[in-house]
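Q: Before we start, here is the structure in question, set down as structure tokens.
The values are calculated or read from the model by the stated rules, or taken from the named source; none is laboratory data. These numbers were taken from a predicted model, which means no experiment stands behind them. As a convention, Cβ positions derive from the backbone with ideal geometry for all residues, glycine included, and neighbour counts pool all protein chains shown. Keep in mind that these areas ignore ligands, DNA and RNA; they rest on the heavy atoms of the full protein, side chains included. Shrake-Rupley method; radii C 1.70, N 1.55, O 1.52, S 1.80 Å.
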Amino acid sequence: MTLDNTLELLTLNKLFKNGERQFFVPDYQRGYSWEEEHRADLIDDIEQIQHQIHKHYTGTVVASCQDGSSRYDIVDGQQRITTLVLLLSSIVRLARLKGVKELGGVLVDDVEAVYIRNGGNSGNSSYSLELGQVRDPLFREVLSHGDNINQKIQSKADQNIIDAAKQFDIWLSKKSKESLTLVFQAVTSKLGFLMYAPAQDAEIGLMFEVINNRGKPLSELEKIKNYLIYFASRHQIGDLKEKVNSSWPVLLQALNIAGYTSNEAENRFLRVCWIVFEDYNKSRSHHVYDNIKIRYSPKNPEHWQSLSKFVDFIVGSARAYANLYNVSQSTLSPKENRNLQRIAFHPGHASILPLLIAISTKEMNEDKRAIMFELLEKLNFRYYVSGIANRSDTGQGDLFWFAYHYYHGTLSEQYEGEWPCELDLLRERLVNFISERANDHKLVQYLTLDKDESGDYYGWRGLKFFLASYEDSLLECERKGSKLTQYLASRDKVHTNDFYHLEHIWAAKDFEVVNDADDRNVNKRRLGNFILLMETLNIRVSNDRPEIKVEGYFKYEKIQPNTMMIRELRKDFIEAQKLVDATGAYVRKVPGYWYQVYQTFLDVREQRMVNFALQRWNIDGIYKPVTMVVIDSNTTSNEIFKCQPEHSKTKTVDDIHN
């Protein structure tokens, strides 16, 4: 291994060899990840070292010289170098804006030629730092203008580049010519670097191992990429090295589309991949980097084909994540996207991710994928979102086992009999899983409160998704398009007036009804007492009694569009009054009468909602199918629902809403 200036810290000027050395960040490297706090630390360092004589140690740069030229691939140190080039481009732009021709005796044009680009006047620009084919267009616009002009932001790395330029522009805009010069001199002559330049690929591989294990906070994904390059270099396997180089930009772009940009997000992604590709045991899926070195030791060159397959698999899995978490950029069919979007909106779906990845990467028929995605969405809602699954037995082990064996084509080997295809067998096993753990009877139990239950649906993580799905079904009956995305948007993603809010119909603090002296009344905590509506409407009527609130919803709904479920309330309340009046139990409308009306009103509404759930998350072939549920809080039983068994007539969504 050759070493530049072992006894001397290199200045940035010497690092760039006064413009003779050019740096290149390979496409497979992670994008620019420094954020505001990291750049603020650098600014503080520069402010402090402006008047000191000795160099300030800034870090190590590991770079590989390409064929004895002056062009170097950066192995380590790209974040630091990219940041400093962005800072110097800001200095050049602001110097020209202020009419400054030179900085401490150095022409501004020469500063640009050394650290940013030269040859611009001849039309043959050569950039001192290149970030690869994917990132360069936006990076070069930012170097010139301090912002993106024509290039679209495609990743968090792109946004970080833009943010860096703006942060430096704001800092430097307050500087005088003299202060700007001091900053320039500090950056180019007082920051000190150690540069290692390995001469051979095998030596680069060894450096990868050193970098991975020196305590630097790399993600598992970065470590694995480094290990793959190391493995390929050690055994001179060009095909594997080429696959990593060409696949990694695709992988990172797909994860960026999915919003998986943090180290922890990437690590979660890798754990799912490992479960499907290598080991379905969840506890062993942590620390994939360590596991991959054990399973595919660098001592055995024959492992290269398995590692190549692993690269293909994680790229395919990243694409599946992109389709799941960003439907707007999905390459799948509308049926697939509809079910994937629903899964993405669930408050949690980690248990089915391995299955989703296995099906996405193996099944080529889009219709079959769509059917399986629908089944996964229903399984996840019924068992996990509903709350049936418990900590002592989550069922994850079974689902991970299914995913692993299905992906490897060994599922049929685990069961006796002949199976036309593994996908049919997988579907049967998943239906059996639902039958045992989340059949219709159990689902209804978890969507209703017994009279003595202490639960509160306001705290149910799936409540907003459930109500949004119910509202979407009402729109579907009216032949209107889905608004699921709008209903489930978080407060920070929309204008305040457009935020949809969860509200009690029977107010939590209503003490006017004598039977309701305890504000923990079970009726206030049950599913039927909640509605989804715009927050502005909720504020107007939130503390009114139900009969006043129902009319208030209608009054203000005319002013501001709101949910369709509001329109059911008046009809339900009138029906509840008729049912109570028909009993003849009340001559006058005393508080007890209103209590009975409110409770019956919630029965009517909850019955419709629970039956909607049975239809919406219906699964053919499950054990104990239910056709209709009747809700009656006046029963002497502690359990307020009765299930009617399946009969020949299959109810439609229209039947339920009518």
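Q: How many residues does the stretch 1-25 hold that are modelled with pLDDT under 80 and under 28 Å from residue 249 (Cα atoms)?
A: 0
Q: Taking the stretch 535-552 as the search range and keeping residues that are open to solvent by less than 20 Å² (accessible area, probe 1.4 Å) and of a type in the set (A, V, I, L, M), which one is modelled with the highest pLDDT?
A: Going through the qualifying residues, I end up with 550.
Q: Could you please find all residues in the stretch 354-365 being open to solvent by 10 Å² or more (accessible area, probe 1.4 Å), touching a helix residue (DSSP H, G or I) at 6+ places or on another chain (Cβ under 6 Å) and more than 15 Å from residue 327 (Cβ to Cβ)?
A: Answer for the stretch 354-365, where residues must be open to solvent by 10 Å² or more (accessible area, probe 1.4 Å), touching a helix residue (DSSP H, G or I) at 6+ places or on another chain (Cβ under 6 Å) and more than 15 Å from residue 327 (Cβ to Cβ): 361, 362, 363.
Q: Go through the stretch 111-138 residue by residue and tally those that are in contact (Cβ under 8 Å) with a residue 60 or more places away in the chain, open to solvent by 50 Å² or more (accessible area, probe 1.4 Å) and more than 29 Å from residue 254 (Cβ to Cβ).
A: 1
Q: Can you give me the number of residues within the stretch 277-309 that are touching a residue at least 12 places away in the same chain (Cβ under 8 Å), farther than 21 Å from residue 266 by Cβ and either polar (S, T, N, Q) or in a helix (DSSP H, G or I) (or both)?
A: Total satisfying the criteria: 3.
Q: Would you say residue 416 is more than 23 Å from residue 348 (Cβ to Cβ) and open to solvent by 30 Å² or more (accessible area, probe 1.4 Å)?
A: yes
Q: Any residue at all in the stretch 23-32 that's open to solvent by less than 20 Å² (accessible area, probe 1.4 Å), among the aromatic types (Phe, Trp, Tyr) and more than 30 Å from the chain's Cα centre (by Cα)?
A: yes
Q: Might you let me know whether the stretch 69-76 holds any residue that is at pLDDT below 85, open to solvent by less than 70 Å² (accessible area, probe 1.4 Å), hydroxyl-bearing (Ser, Thr, Tyr) and within 24 Å of residue 130 (Cα to Cα)?
A: Yes, that holds for at least one residue.
Q: Still on this structure: Only one of (1) surrounded by 14 or more Cβ atoms within 10 Å (Cβ to Cβ); (2) in a helix (DSSP H, G or I); (3) not polar (S, T, N, Q) is not met by residue 424, so which one is it?
A: If we test residue 424 against (1) surrounded by 14 or more Cβ atoms within 10 Å (Cβ to Cβ); (2) in a helix (DSSP H, G or I); (3) not polar (S, T, N, Q), just (1) comes out false.
Q: When residue 141 is evaluated against the numbered criteria (1) within 15 Å of residue 187 (Cβ to Cβ); (2) open to solvent by 10 Å² or more (accessible area, probe 1.4 Å), which criterion, by number, is the only one it fails?
A: Of the numbered conditions (1) within 15 Å of residue 187 (Cβ to Cβ); (2) open to solvent by 10 Å² or more (accessible area, probe 1.4 Å), the odd one out for residue 141 is (1).
Q: Could you check how many residues of the stretch 437-457 are of a type in the set (Lys, Arg) and either within 30 Å of the chain's Cα centre (by Cα) or assigned to a helix (DSSP H, G or I) (or both)?
A: Within the stretch 437-457, residues that are of a type in the set (Lys, Arg) and either within 30 Å of the chain's Cα centre (by Cα) or assigned to a helix (DSSP H, G or I) (or both) number 2.
Q: Still on this model: Could you look through the stretch 144-192, keep only residues that are closer than 21 Å to residue 259 by Cα and of a type in the set (Asp, Glu), and pick out the one that is surrounded by the most Cβ atoms within 10 Å (Cβ to Cβ)?
A: Here the answer is 158.
Q: Identify the single condition in (1) over 25 Å from the mean Cα position of the chain (by Cα); (2) open to solvent by 60 Å² or more (accessible area, probe 1.4 Å); (3) at pLDDT 95 or above that residue 398 does not satisfy, given that it satisfies every other one.
A: In the conditions (1) over 25 Å from the mean Cα position of the chain (by Cα); (2) open to solvent by 60 Å² or more (accessible area, probe 1.4 Å); (3) at pLDDT 95 or above, residue 398 misses (1) alone.
Q: Also, I was wondering about something else. Would you point out which residue out of 434, 388 is part of a loop (DSSP other than H, G, I, E, B), under 27 Å from the mean Cα position of the chain (by Cα) and aliphatic (A, V, I, L, M)?
A: Step by step, each of 434, 388 is checked, and only 388 is part of a loop (DSSP other than H, G, I, E, B), under 27 Å from the mean Cα position of the chain (by Cα) and aliphatic (A, V, I, L, M).
Q: Being of a type outside the set (A, V, I, L, M), farther than 14 Å from residue 314 by Cα and open to solvent by 20 Å² or more (accessible area, probe 1.4 Å): is that true of residue 243 here?
A: No, not satisfied.
Q: Within the stretch 106-130, can you find the residues that are in a loop (DSSP other than H, G, I, E, B) and modelled with pLDDT under 90?
A: 119, 120, 121, 122, 123, 124, 125
Q: Also, I was wondering about something else. May I ask you to list the residues in the stretch 229-240 that are crowded, with 20+ Cβ neighbours inside 10 Å and at pLDDT 85 or above?
A: Within the stretch 229-240, 231, 232, 240 meet the criteria.
Q: Just to be sure I understand, how many residues within the stretch 86-109 are under 20 Å from residue 43 (Cβ atoms), open to solvent by 60 Å² or more (accessible area, probe 1.4 Å) and not aliphatic (A, V, I, L, M)?
A: Matching residues across the stretch 86-109 total 1.
Q: Same structure, new question: Residue check: is residue 142 of a type in the set (Val, Ile, Thr) and farther than 26 Å from residue 40 by Cβ?
A: No; evaluated as a whole, the condition is false for this residue.
Q: In the stretch 29-87, which residues are assigned to a helix (DSSP H, G or I) and aliphatic (A, V, I, L, M)?
A: Hits for the stretch 29-87 are 40, 42, 43, 46, 49, 81, 84, 85, 86, 87.
Q: Might you check whether a residue that is modelled with pLDDT under 90, open to solvent by less than 10 Å² (accessible area, probe 1.4 Å) and of a type in the set (Lys, Arg) occurs anywhere in the stretch 197-215?
A: no
Q: Run down 308, 328 and say which single residue is at pLDDT 90 or above, of a type in the set (S, T, N, Q) and more than 23 Å from residue 411 (Cβ to Cβ).
A: Matching residue, one of 308, 328: 308.
Condition check ((1) crowded, with 16+ Cβ neighbours inside 10 Å; (2) more than 28 Å from the chain's Cα centre (by Cα)) across all residues:
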| position | (1), (2) |
| --- | --- |
| 227 | yes, no |
| 252 | yes, no |
| 264 | no, no |
| 276 | yes, no |
| 296 | yes, yes |
| 306 | no, yes |
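Q: Moving on to the next point. Just one of (1) within 25 Å of residue 354 (Cα to Cα); (2) crowded, with 18+ Cβ neighbours inside 10 Å trips up residue 444, so point out which.
A: (1)
Q: Looking at (1) in contact with a Leu (Cβ under 8 Å, 6 or more places away or on another chain); (2) at pLDDT below 95, which is the one condition that is false for residue 269?
A: (2)
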